[in-house]
Each structure stands twice: as C-alpha cells, then as structure tokens.
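Written out below as structure tokens is the structure these notes cover.
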Amino acid sequence: MPDSLEALAGRFFSTVGVVAADGYRTMEVLLDEAAQPHFGGHDYLRLAFSPEAAREHPDAELLTHGSPLLDTMARVAVHRGSAAHFYLGDVQRSTGRTLEKVRDQIRLPGHILEAGEEQVLLFHHALFRFRVTFTGEEREEIFRDVMVDLHTGWSTFRLQEQDLRLHGSTTAAGRELGLALCLEGAFREAVEKLQKDMAGQVPAREELLRRACYAEQKQLTEHYEAMVARLEAGKARKGADPERIEAKISVTRADRERRLQDIEKRCRLDLEIALAQLALVTYPKAVAPVRLQQGKEAKTGLAVWDSLVREGYFSLL
C-alpha cells in the first residue's frame, strides 16, 4: 500500500495516463482519452501535494485527504476494477439484546417502538489519525484516532490500535448498507468531533500559559524598572547630561515594551489539527431494525451494537 498520497496518485494516474514529476511536491498528468470524461473532460492535470506547492502553482489542484479529486480517483478505481477491499478480522461479535443495549438512545416521548429481527451487517468506516499540536511557550504534539461510520455518520474515539488487524478477504458476512457519507463528509465529521473534544483542553492550557506569562513579564518589568531608577538617579550627578540620560530612559522603556509584547505573543496558545493517516475499515455489527410510530407519522431506523468499541447507537434511515 502506498505510504503517501503522492505515491498513491503516482500509482493511480500511471494506470490512466502518463505521469511526470513537476518540481517539489507537484506532478503533471497527461490523461488517456478514456479517462478524460471522469476528470471533467480535461486531458491534462497538474497536482500539488502541499499548500506551499499549490501557492507556487496556481493552476494546480491540491490533492489532500477529503478533497473531491480523491473521491473521483476512488470511483474511477472501482469502475476499472482496481480497488481492493479490506475487512477487520478476529472481531468477537456480541449479538443478542441489541435493542436493549441502545434503548436509552431511542426513547422518544409519545412514540410506539417496534423492533425487527436482529441480524449481522457489514459497516464501512473511515479511520482518521490526526496529529494535534499545541504551540505556546512549548510545543506539544499528540495523535488522536477518530473513526466515522460511512453509513450513519456515527463517530467514536474509542479505538485501540492493537485491535486493528487488516487483511484481505473474499467473503462478506451478511449484507451491506448503502453509504450516506463520502470521504470528504466523513473527514468533516471527524474534524468537528476532534475540535469539540480538544476545545475542552484549551482553557486549562491557556491558564497555565497565562500564569507563566504573568510571572515572566513581572520579572522583566522589575528588571527594567531598576534600570530606569538607576538612570534617573544619575541625573543628579555632577557633570551629568540630563538630555542624554532621558534619551537612554526612553530607549530602555521602549525595549521593555517590545520584550513584554514578545513574551505575550510567545505565550499565546495555538491549536493545529492535521491529518496524518487514513484507513478504510469494514467489519460486522449487530443490528436491529426499529420502527417508531407517533400517530400517523412513522420513522424507521437501526439500533446498532459495535462489538469492537463496546458502544451502541441509534440511527434514523
């Protein structure tokens, strides 16, 4: 499997045209006639694989996780039979009492609940690994995984990397549901979930930075006040030049303000979220069809139990 989008693009477009490197983090593609309709009728593409490269080449399209071009590549690969599907093996499926496990999430006042027979279905997921960077007085970097169900939009943090053992499979246990989200939509869902989770960590980190900033600025202010006091005292000395001393005081105060502002800027907390890795994962879950009736209005949905992360959820269809 390619270890970067640039390698993936090179392998893919070499099957539908001619590929040539076009400088740092850019690529030129001359498309075969048969592939052109899939890419807006264009016979030529220029791709960029970093924001910097895209700025240097305004006619290039930035290829990144979540971009429409990546979805187009996936559709063409499926159309040409060049796609592989991966399944999550060795999942100890927990079936039985699915509805009871998620009943708290589908208790709607005034609704009559009817449940169908439990079954096992395949669910497809986009597993995003994000690099989260906090930059303030120091730089801290952590990695967080978010998995998004491409059928329902349900997302979870509760993953253990050692549980993910991907292998090729030619068999499918149960039928598959129709997809509701593309990779771009799943990416937005994952980023939004992670941003909300990270927002809870920001106030405590900002408070620590505020205290550190205050202590450093206080120490700096006391140092410069002592310098100004010594200069002021020098005016009374015999032969002193008051105008020259006053100029030194003015420069000293200006230098103090500049350094105080530098400390304040350095102590501001910046949060950056960047995608580090993407995997597509498929595995079975226990499902119970549900029908909710309120008067003449009826809604259908699924009560789902995920044995991998030990969570249940309800999704309207």
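The values are calculated or read from the model by the stated rules, or taken from the named source; none is laboratory data. Note that the structure is predicted; figures quoted are calculated from it, not measured. Note that each Cβ is placed from the backbone with ideal geometry, even for glycine, and that neighbours are counted across all protein chains shown.
For this structure, a couple of remarks:
- Cβ separations smaller than 6 Å between residues 6+ apart or across chains give the following pairs from the stretch 176-205 residues that are touching a residue at least 40 places away in the same chain (Cβ under 8 Å) to residues that are among the acidic types (Asp, Glu) and part of a helix (DSSP H, G or I): 182/71; 183/71.
- Inspection of the stretch 183-199 finds no residue satisfying the criterion of being more than 30 Å from residue 64 (Cα to Cα), at pLDDT below 85 and acidic (Asp, Glu).
- Once the stretch 275-317 is narrowed to residues that are assigned to a loop (DSSP other than H, G, I, E, B) and under 18 Å from residue 155 (Cα atoms), the residue that is farthest from the chain's Cα centre (by Cα) is 317.
- Residue in the stretch 260-274 that is hydrophobic (A, V, I, L, M, F, W, C), farther than 30 Å from residue 70 by Cβ, touching a strand residue (DSSP E or B) at 6+ places or on another chain (Cβ under 8 Å) and part of a strand (DSSP E or B) present: no
- Residue count for the stretch 20-70, restricted to those that are basic (Lys, Arg) and more than 14 Å from residue 6 (Cα to Cα): 1
- When the residues of the stretch 200-240 are filtered to those that are over 13 Å from residue 252 (Cβ atoms) and among the basic types (Lys, Arg), the one that is surrounded by the most Cβ atoms within 10 Å (Cβ to Cβ) is 205.
- In the stretch 241-259, the count of residues that are closer than 30 Å to residue 49 by Cα, surrounded by 12 or more Cβ atoms within 10 Å (Cβ to Cβ) and either under 25 Å from the mean Cα position of the chain (by Cα) or of a type outside the set (Val, Ile, Thr) (or both) is zero.
- Within the stretch 26-54, considering residues that are charged (D, E, K, R) and over 22 Å from residue 184 (Cα atoms), the one surrounded by the fewest Cβ atoms within 10 Å (Cβ to Cβ): 33
- Residue match in the stretch 294-307 (condition: exposed (fewer than 11 other Cβ atoms within 10 Å of the Cβ) and of a type in the set (Lys, Arg)): yes
- Among all residues of the stretch 39-52, there is at least one that is under 19 Å from residue 274 (Cβ atoms) and either touching a Cys at 6+ places or on another chain (Cβ under 6 Å) or part of a helix (DSSP H, G or I) (or both).
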